[in-house]
Amino acid sequence: MGFFSKPTARKPSPAKPEVRPATPSRPLSAHEVAAHAARAGKAAGERPVDPVAHDITVGDASMIEFGSPGRSAFEVVAANPGLCEVLENAALFYASGKADLARATLEHGVHADEDARTSPLAWLALFDVLQRIGDRVAFDRTAMDYVVQFERSAPAWDERSTGTGAPKVAPAGFVQLSGRLTAESAAQIDGLRRAVAKKIAKARLDLAKVTGFDDVGARLLAEALGTARAARFTLDITHSGPLRQALEAAVRQGRDGGEGAWLLSLEMMQWQNDRAPFEDRAIEFAVAFELSPPSWEPPPITTTLGAAPEENEEPAPAADAAPPEALHWSGEMLGPVSPQLAQLPDFALRRSVVPVDMSAVSRVDFVCAGALLNAINSVELQRKSVQIAGASPIIRALLLLIGISPRHFVKKDV
């Protein structure tokens, strides 16, 4: 007989779940955004991935919504010289049309971030943005900081013509229009007519300072551009985005928008080599104004027209090896089907080296940069080499970030 009762068995208490502190999420870096886009673009055998209609530029929200890519996805991008996180984010801001945020990011970064402070490309991108914004005081102040940091001369401010009088036509054919285009703008527009008459090579028309137009002013510019086009004159038109938007708004009013706005809109489409929208608008113009529709007669694709020698001037002797013809791009390049980017495959057909001049390009958005990467890859599959000259520092930073190799960038001949 036992003196002690058996102890009652206790039921094991359920294990308490382990509570781990939540790991705070962080926004993805520009490296990861570009790596995700590049990885998606390489899917299905290097075929470009068409974005959805609203995915034109990369804003803050879309940067956070991307999934985290693996480490190996952005090791190639990290090899690009001169890039740092500050510069990458600034390049994305600028590509999205947020020049003020790009400027603030770079100004803070070159003083507070070690990688940005020691990156010459970050400083050059800041100079680039300040020049485009037109802040001479900040540019000069940054130049002094640059000299202290690198102990070498800083880039110089690029003086451009100002005022509403007749513009100076530079040796390279730079013509800038400013203010509201009216009958009083005839003196400015005559600068373009003179460049055409003198057959100036590499002429450029800058529309950055145009603030609006009336019917007479729009007609004057449309007629001048039509004259240049009929003469097969090669012309780069830069910073045309705001004017094109204003023209679109006028055209949406139909006949009330004014015949001048319609004519200038059609002319700009010719210069942008945008045929399908041109033909649709030409029919709409004919219906609205009961006139014959204009015909499709685009200008030359490239800007390699040589200047004719002046009277009594001996022609220059031919060089042993003439420089290769270049494909010139200008203005803003936006979206996956930029008309200028669409010229690259045909231009590359008969060339082993494909030179592209981007010195007149004012902005490339994120989607167009990805499309350019795919286009370059397609050209190189044909054992050809693409050489990019003249890309400004803030644009070059974006192209490096998206995955375009540094070997594609060459120094532009002066």
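Quick notes on this structure:
- Options Pro324, Pro299, Pro317; residue that is under 30 Å from Gly254 (Cβ atoms), modelled with pLDDT under 90 and either surrounded by 10 or more Cβ atoms within 10 Å (Cβ to Cβ) or not β-branched (Val, Ile, Thr) (or both): Pro299
- Residue within region 351-374 that is modelled with pLDDT under 80, of a type in the set (D, E, K, R) and in a loop (DSSP other than H, G, I, E, B) present: no
- Here Val410 does not qualify as within 20 Å of Lys202 (Cβ to Cβ) and open to solvent by less than 30 Å² (accessible area, probe 1.4 Å).
- Region 204-232 residues that are touching a residue at least 40 places away in the same chain (Cβ under 8 Å) and closer than 15 Å to Leu177 by Cα, paired with ones that are aromatic (Phe, Trp, Tyr) and open to solvent by 10 Å² or more (accessible area, probe 1.4 Å) (beta carbon under 6 Å, 6 or more apart): Arg204/Phe174
- Checking Ala138, Ala104 one by one, the residue that is modelled with pLDDT under 95, under 27 Å from Leu207 (Cα atoms) and either touching a Leu at 6+ places or on another chain (Cβ under 9 Å) or assigned to a helix (DSSP H, G or I) (or both) is Ala138 and no other.
- For region 57-74, the condition holds for at least one residue, the condition being that it is part of a helix (DSSP H, G or I), at pLDDT below 80 and surrounded by 21 or more Cβ atoms within 10 Å (Cβ to Cβ).
- Conditions (1) under 16 Å from the mean Cα position of the chain (by Cα); (2) open to solvent by less than 60 Å² (accessible area, probe 1.4 Å); (3) among the β-branched types (Val, Ile, Thr): number failed by Val386: (1)
The values are calculated or read from the model by the stated rules, or taken from the named source; none is laboratory data. Owing to the predicted nature of the structure, the values given are computational and were not obtained by experimental measurement. Cβ atoms come from the backbone with ideal geometry, glycine included; neighbour counts cover every protein chain shown. Each accessible area value is taken on the protein alone, full model and side chains, heavy atoms only, with ligands, DNA and RNA left out. Shrake-Rupley method; radii C 1.70, N 1.55, O 1.52, S 1.80 Å.
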